[in-house]
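The values are calculated or read from the model by the stated rules, or taken from the named source; none is laboratory data. Note that the structure is predicted; figures quoted are calculated from it, not measured. A quick note on method: Cβ atoms are made from the backbone with ideal geometry, for glycine too, and the neighbour counts reach across all protein chains shown.
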Amino acid sequence: MIVNTELEQKGNLFPSKIINYKKDVDTLHFSTKNGVALQVTVVRDSVIRFRYSTTGKFENDFSYGVTIHASRGYSFLDVTEDETHYSITTSKLICKVEKQSLQVRLFDAIDNKLINEDEIGFHWEECYQHGGDIVKMSKTCQKSESFYGLGDKPVDVNLKGKRFENWATDSYAFGKNTDPIYKAIPFYTAIQDNKAYGIFFDNTFKTSFDFAQERRNVTSFWAQGGEMNYYFIYGPQMEDVVKNYTDLTGKPHALPPLWALGFHQCKWSYYPEANVKEVTNTFRDLKIPCDAIYLDIDYMDGFRCFTWDKNHFPDPKRMVKELEDDGFKTVVIIDPGIKIDIEYAVFKEALDKDYFCKRADGPYMKGKVWPGECYFPDYTKPEVREWWSGLFKELIEDIGVKGVWNDMNEPAVMDVPNKSFPDDVRHDYDGNPCSHRKAHNVYGTQMARATYHGLKKYAYPKRPFVITRSAYSGAQRYTSTWMGDNIASWEHLAIANNQAQRMAMSGFSFAGSDIGGFAEQPQGELFARWIQLGVFHAFCRVHSSGDHGAQEPWVFGEEITNIVRKFVELRYQLLPYLYTSFWKYINDGTPILKSLVLYDQEDIATHYRSDEFIYGEQILVCPIQEPNAKGRRMYIPRGKWYNFWTDELVEGGKEMWVDADLDSMPMFIKEGAVIPKYPVQQYVGEKKFDEITLDVYYKKGKESSKLYDDAHDGYDYKKGRFSLRTFKVTGKKKELIIQQHKRGEFNADYTKFNMVFHNLPFAITSIQIDNVEIKLENVNTAKTQAITIDKEFTELHLFGK
Ligand code: GLC
């Protein structure tokens, strides 16, 4: 037999010693004797980018993940060299590159402690199947190190001991540990010795991560192609890592309209029109607040996107208007698969303009989805995105639809084993032509991006609302998301809880699950418990496949209906709190949900907690995740917390039992918090109100809270028409002082605050507002002490005895 020795499996290959070094402003270029190149770019003092090439040549530097708006610049940069290393020092980090091996170690610039080091470091394997490299990185994993993030993985919060793959996949009825599912977010945070750092592996090929599964002291990540290109993001606080990652990959371009933070009802499918109306009317009859109603694929004519089934929806414009008059915004689904039908205008135009994806050897990429055989637009081409965004004119501008739901955009293809396109399909990739191996994971994001631009244009001057199923890092700039086709089971309630937390720590806070479960049918108890969780997710929508029966809040009997109403009302009351949290998210990347580890990493008891989370910054929530429960044990983070239902004050830093019958759930408020509340409305903007409530939770000491507000839609807030109020609470033994600081030009309709004081340890004897004493008759000194005051107060001072 003739053996071609050239084809011998070479196994892992490694860089050899550095022979060349050059500094170019913020970037250091190293090259090794065997032709490997490394670029180290200081993006910020705490963010360093590493890029490796096995050929000495780099690809065109283009990323869908990193936003052009990302902050850049550092306060300090110094490079030194000794016999064995190059050292790059910023004000936060010291990065040492070893001359012999190109291995990297990172230290905290303040205390000089090691944060992270390469184990083998960069290496690669030649992959003859694809004619390229599999690029790999391995790092040392410390004994006490923990790992978090990676988007929608349906597993417990801490990823240690597990291995994952990122390849967007249509995963109907996925289960716990199913991997991969819909999203590809190659970013994680690690914590070790109270120092948190993040790694964003910005490579859109199929990527893999191993968190000390294969070897207990090694963490590694690799990709089936492309470059080893990752960002090292230092905290040392996990929250700063997440904020910096969100800054790098982008915050949402705009706040959502407030209605989008209301309650949404969906099903596959509500049709005909009479059925839609029956559902919306029942919401109003039963007084369960709701802001959005969804139309799934059956509203279309034979599943052709941008068409209507005129038998079921004879006059969509009238219907949408009537729904709107009743406070319902209509959201419609739009999938990427365009039915092959030469009579169908969207298909014809895309064909004429050559906008569909093609196989490598020429023909269009043909695949089956709901409409039967389809072609698929190449959203990675700017011209195609522009065309796609224009298709929304009629739906949005003429018919009045307010939101668009992008589904099946992994992209999903039916009746094929890999559930998607074959690898050879070609994509433009914004002028960097490539195969589907590289474009697959970004396909859904580029579709949602094109959709977003369409809505932005035609909804103007209102804000767009988009929801997507698939996503790559950065998708949060354009869209909200849900977790795909889950199941009506208790296990899935827990999965939904973990996924929403995980998405938030992966820079994507505007997320939620199909409440109640998409496949199969929940019992009333499960539905109620899921609603209780769902009202604390930024995106809050009931959705089900419908073929297992109805899933509206009232189909489980009166007891459940009442519980659903109670919790949806609570969501509507807390809207100003959620809106403020959303503002923080778009302002500086603060995640809207915080797993306990993200809230208090110093307390190692939080490192393996998965159930409890902080909603915003001051509300602790823990869903009940099993049947027949009268309460549960949960961990209360350090500090003092008020039980939301009883006002009982508990000291955290421990596990405890918390009562929660079916009509309740464990919920706590941080002491010193000022929680804003609206009156209950059936939909956002239903009522004009003259006052809003501020629940003030007494604390001996200081605590600060914020309240953000604006017109709840439109863009005036970007021109300064917003209001940001900071409430500083200072509690003493017999005194409580609340100072208000105001910023911004927006003036809300309401003129007063109804301040409700929880747990004042003294009886009020006198009150001063802005140093003027007010009469005590105005004070409600009943059980909960409350006082209504002008919203423009600067200082409220309570004295007691
Ligand atoms: C997919 C979606 C689901 C939708 C269905 C029909 O399964 O994940 O939400 O209802 O398609 O459009």
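Output yes when any residue across segment 533-550 is crowded, with 19+ Cβ neighbours inside 10 Å and free of Cβ contacts under 8 Å to residues at least 60 places away in the same chain, and no when none is. Within segment 533-550, one or more residues are crowded, with 19+ Cβ neighbours inside 10 Å and free of Cβ contacts under 8 Å to residues at least 60 places away in the same chain.
Here the strands (runs of 3 or more DSSP E) wholly within segment 366-421 that include at least 2 residues being buried (at least 16 other Cβ atoms within 10 Å of the Cβ) and within 14 Å of the ligand (Cβ to nearest atom) are 403-406.
Within segment 562-585, being surrounded by fewer than 20 Cβ atoms within 10 Å (Cβ to Cβ) and either hydrophobic (A, V, I, L, M, F, W, C) or more than 24 Å from the chain's Cα centre (by Cα) (or both) holds for ASN562, ARG565, LYS566, LEU570.
Every condition in (1) farther than 20 Å from GLU227 by Cβ; (2) not β-branched (Val, Ile, Thr); (3) not in a strand (DSSP E or B) holds for TYR86 except the one numbered (3). Listed by first and then second residue, the pairs with beta-carbon distance under 6 Å, at least 6 apart or on different chains, first residue in segment 743-758 and on the phi > 0 side of the Ramachandran plot, second assigned to a strand (DSSP E or B), are GLY744/SER723; GLY744/LEU724. Of the candidates TYR379, TYR429, the single residue that is touching a helix residue (DSSP H, G or I) at 6+ places or on another chain (Cβ under 7 Å) and either within 18 Å of TYR182 (Cβ to Cβ) or without any contact (Cβ under 8 Å) to a residue 40 or more places away in the chain (or both) is TYR379. Could you please let me know if ASP430 is on the phi > 0 side of the Ramachandran plot and either more than 16 Å from the ligand (Cβ to nearest atom) or buried (at least 24 other Cβ atoms within 10 Å of the Cβ) (or both)? Considered against the rule, which asks whether it is on the phi > 0 side of the Ramachandran plot and either more than 16 Å from the ligand (Cβ to nearest atom) or buried (at least 24 other Cβ atoms within 10 Å of the Cβ) (or both), ASP430 comes out as yes. Applying the criterion of being in a loop (DSSP other than H, G, I, E, B) and not acidic (Asp, Glu) to the residues of segment 646-670, the residue that is surrounded by the fewest Cβ atoms within 10 Å (Cβ to Cβ) is THR646. Checking each residue in segment 493-520 for being more than 27 Å from LYS402 (Cα to Cα) and within 14 Å of the ligand (Cβ to nearest atom) picks out only GLU520.
The lone criterion from (1) within 14 Å of the ligand (Cβ to nearest atom); (2) under 21 Å from TYR683 (Cα atoms) left unmet by CYS290 is number (1). ILE333 meets the conditions (1) farther than 26 Å from THR445 by Cβ; (2) surrounded by 15 or more Cβ atoms within 10 Å (Cβ to Cβ) in every case but one. The failed one is (1).
Yes or no: segment 455-478 includes at least one residue that is under 18 Å from the mean Cα position of the chain (by Cα), of a type in the set (D, E, K, R) and either in a loop (DSSP other than H, G, I, E, B) or buried (at least 24 other Cβ atoms within 10 Å of the Cβ) (or both). Full working, then the answer.
Taking segment 455-478 as the starting set, the residues that turn out to be under 18 Å from the mean Cα position of the chain (by Cα) are 464-478.
Of the ones still in play, those that are also of a type in the set (D, E, K, R) are 469, 477.
Keeping just the survivors that are either in a loop (DSSP other than H, G, I, E, B) or buried (at least 24 other Cβ atoms within 10 Å of the Cβ) (or both) gives 469.
Yes: one or more hits.
Checked against (1) out of contact with any Phe, Trp or Tyr (no Cβ under 9 Å at 6 or more places or on another chain); (2) in contact (Cβ under 8 Å) with a residue 24 or more places away in the chain, LYS719 meets all criteria but (2).
Within segment 296-335, the set of residues being outside any loop (DSSP other than H, G, I, E, B) and either within 16 Å of MET408 (Cα to Cα) or aliphatic (A, V, I, L, M) (or both) comprises ILE297, ASP298, ARG304, MET319, VAL320, LEU323, VAL331, VAL332, ILE333, ILE334.
When segment 434-454 is filtered for residues that are hydroxyl-bearing (Ser, Thr, Tyr), part of a helix (DSSP H, G or I) and touching an Asp or Glu at 6+ places or on another chain (Cβ under 9 Å), only TYR443 remains.
Residues of segment 232-281 that are within 16 Å of the ligand (Cβ to nearest atom) and among the β-branched types (Val, Ile, Thr): VAL276, VAL279.
The set of residues in segment 465-474 that are in contact with a strand residue (DSSP E or B) (Cβ under 9 Å, 6 or more places away or on another chain) and either more than 18 Å from ALA168 (Cβ to Cβ) or away from the ligand (no atom under 16 Å from the Cβ) (or both) comprises PHE465, TYR472, SER473.
For segment 161-280, please list each of the strands (runs of 3 or more DSSP E) lying entirely inside it that holds at least 2 residues being over 14 Å from TYR148 (Cα atoms). It would help to see each step written out before you state the result.
Numbers: elements: 163-166, 187-192, 195-201, 207-211, 218-223, 228-234.
By residue number, 163-166, 207-211, 218-223, 228-234.
Looking at ASN486, ASN498 in this structure, which one is touching a strand residue (DSSP E or B) at 6+ places or on another chain (Cβ under 6 Å), within 26 Å of PRO666 (Cβ to Cβ) and modelled with pLDDT of 95 or more? Don't jump to the end; show me each part of the working.
On the way: ASN498 fails: touching a strand residue (DSSP E or B) at 6+ places or on another chain (Cβ under 6 Å).
Matching residue, one of ASN486, ASN498: ASN486.
When segment 671-690 is examined, which residues are found to be buried (at least 18 other Cβ atoms within 10 Å of the Cβ) and closer than 18 Å to ARG571 by Cα? Give the steps one after another, and end with the answer.
Restricting attention to segment 671-690, the residues satisfying the condition of being buried (at least 18 other Cβ atoms within 10 Å of the Cβ) are 671-678, 681-684.
Hits for segment 671-690 are ALA673, VAL674, ILE675, PRO676, LYS677, TYR678, GLN681, GLN682, TYR683, VAL684.
Residue-by-condition table, conditions (1) at positive phi; (2) away from the ligand (no atom under 16 Å from the Cβ):
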{"residue": "ASP296", "(1), (2)": "no, no"}
{"residue": "ASP301", "(1), (2)": "no, no"}
{"residue": "PHE306", "(1), (2)": "yes, no"}
{"residue": "ASN311", "(1), (2)": "no, yes"}
{"residue": "VAL320", "(1), (2)": "no, yes"}
{"residue": "PHE328", "(1), (2)": "no, yes"}
{"residue": "LYS339", "(1), (2)": "no, no"}
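Taken as a whole, segment 670-682 holds no residue that is in contact with a strand residue (DSSP E or B) (Cβ under 8 Å, 6 or more places away or on another chain), without any contact (Cβ under 8 Å) to a residue 40 or more places away in the chain and farther than 22 Å from LEU736 by Cα.
Among residues of segment 83-133 being at pLDDT below 95 and small (Gly, Ala, Ser), the one that is nearest to the chain's Cα centre (by Cα) is GLY132.
Does THR481 meet the test of being touching a residue at least 24 places away in the same chain (Cβ under 8 Å), assigned to a strand (DSSP E or B) and either of a type in the set (Gly, Ala, Ser) or within 16 Å of the ligand (Cβ to nearest atom) (or both)? Against the criterion (touching a residue at least 24 places away in the same chain (Cβ under 8 Å), assigned to a strand (DSSP E or B) and either of a type in the set (Gly, Ala, Ser) or within 16 Å of the ligand (Cβ to nearest atom) (or both)), THR481 qualifies. Looking across VAL542, VAL597, one residue alone is under 25 Å from the mean Cα position of the chain (by Cα) and closer than 25 Å to PRO257 by Cβ. It is VAL542. Within segment 729-776, if we keep just the residues that are of a type in the set (S, T, N, Q) and within 41 Å of the chain's Cα centre (by Cα), the residue that is nearest to TYR642 (Cα to Cα) turns out to be ASN759.
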